[in-house]
Amino acid sequence: MDDTLALPAAAAARRSPRPPAGRAWLLPLVVGAIYVFLLAPIVIVVLAAFNSGEYLRFPPEGFSLRWFVKAAQHQPFVRAFVYSLRLAVLATLASTVLGTMAALFVVRYARRARDLLRLLLVAPLQFPAILTGIALLIFFYATGLGTRGMRALLVGHTLVALPYVFLTVSTVLVGFDRSLEEAARSLGAGPLVTFWRITLPLIKGGLISGALFAFITSFDQFPISLLLISVGNTTLPIQLFDYLRFSFDPAAAAVSTVSIVLSVIIVVLIERLVGLESIYWGGPR
């Protein structure tokens, strides 16, 4: 064989990302297994919610909607759902504002302390949530604030949701073209107008992504809620936990299915309003 033809062909073969022909099936198999691993628990819970039998089981014995009716008529579930929704909305608003401010400061103004601040802001992600909850519980009782009302839960949920907003907004700000802001300032726009008209639209994707993660984190938060709840302020995960200790019927699966549908609705709304690609790329559609 001519060496002048063999060498380019060998170099092309080394650069090619294609797997060997005999292993082409391996990648789809691994990807499919990951999807099954992630989605199987959700599918089982949803199917169990429509079970016509008396107990929570899979596969279901038949099709019925009566457990959704029972869950809707169960006042502790309704109160816990409304309370969790209010708490998640407030925690999302607080963590979005604080996380965005922290990202702007760390990326643009913090210099020598940048790494230390970044480490501190994402610290709640690095420690088990139960330890964060114990620390908050000791703090609230040591300072005399107590855990009565929504205050302690709001602080705890904001604390664990804030790192998601900080990380997503920081990622967008790292690649941000500041010449657009400088152009707006040169045309007479003040700092607030520049932020509202230039900065905010360009970081919208990261901000929405972080807010979405913050809402889901707060709505499904269990360890911190378990330690910081007070009488009359039960969140939905805690109410589900209490319910399953004494009752094992599909009403709990019906409530979980409603939570799953709520998450899907949020994703659909984001797609309709700003587009999911803005979450990935950090820019408007």
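The values are calculated or read from the model by the stated rules, or taken from the named source; none is laboratory data. Just so we're clear, the structure is a prediction, and the values are computed from it rather than from any experiment. Glycine gets a Cβ as well: all are built from the backbone with ideal geometry, and neighbour counts include every protein chain shown. In case anyone asks, the SASA skips ligands and DNA or RNA and just uses the protein heavy atoms, side chains included. Shrake-Rupley method; radii C 1.70, N 1.55, O 1.52, S 1.80 Å.
General observations
- Placing unit charges on the Cβ atoms of the charged side chains and taking the dipole of the chain about its Cα centre, the candidate lying farthest along the positive direction among Phe50, Pro223, Leu244 is Pro223.
- Calculated FRET efficiency for the pair Leu120/Leu145, C-beta based, R₀ 35 Å, to 0.05: 0.95
- The accessible-area ordering, largest first, of the residues Asp242, Asp220, Asp115 stands as Asp115, Asp220, Asp242, per a 1.4 angstrom probe.
- Estimated distance in nm for a label pair at Phe246 and Arg272, the labels positioned 7 Å out from Cα along Cα-to-Cβ: 3.9
- Estimated translational diffusion coefficient (Stokes-Einstein, Kirkwood radius over Cα pairs, 25 °C, 0.890 mPa s) of the chain: 109 µm² per second.
- Here the relative contact order of the chain, from alpha carbon pairs under 8 Å that lie six or more residues apart, stands at 27 percent.
- Estimated purely from DSSP H runs of n ≥ 4, each contributing -39500 (n - 2.57), the mean residue ellipticity at 222 nm for the chain is -23000 deg cm²/dmol once divided by its residues.
- Dipole of the chain computed with +1 at Lys/Arg Cβ and -1 at Asp/Glu Cβ about the Cα centre; of Val155, Leu38, Tyr109, farthest Cα towards the positive end is Tyr109.
- Segment 101-151 and segment 168-195 have Cα centres lying 28 Å from one another.
- Stretched out straight at 0.36 nm per residue, the stretch from Ala189 to Arg86 would grow longer than its current Cα-Cα span by 33.4 nm.
- Taking GluC sites (Glu not before Pro) as exposed when DSSP calls them loop and at most 13 other C-beta atoms lie within 10 angstrom, the chain has its longest site-free stretch at 62-285.
- Counting Lys and Arg as +1 and Asp and Glu as -1 over every other residue whose Cβ lies under 13 Å from the Cβ of Trp67, the net charge comes to 0.
- Dipole in debye (nearest 20) - segment 40-125, about Cα centre, beta carbon charges: Lys, Arg +1; Asp, Glu -1: 520
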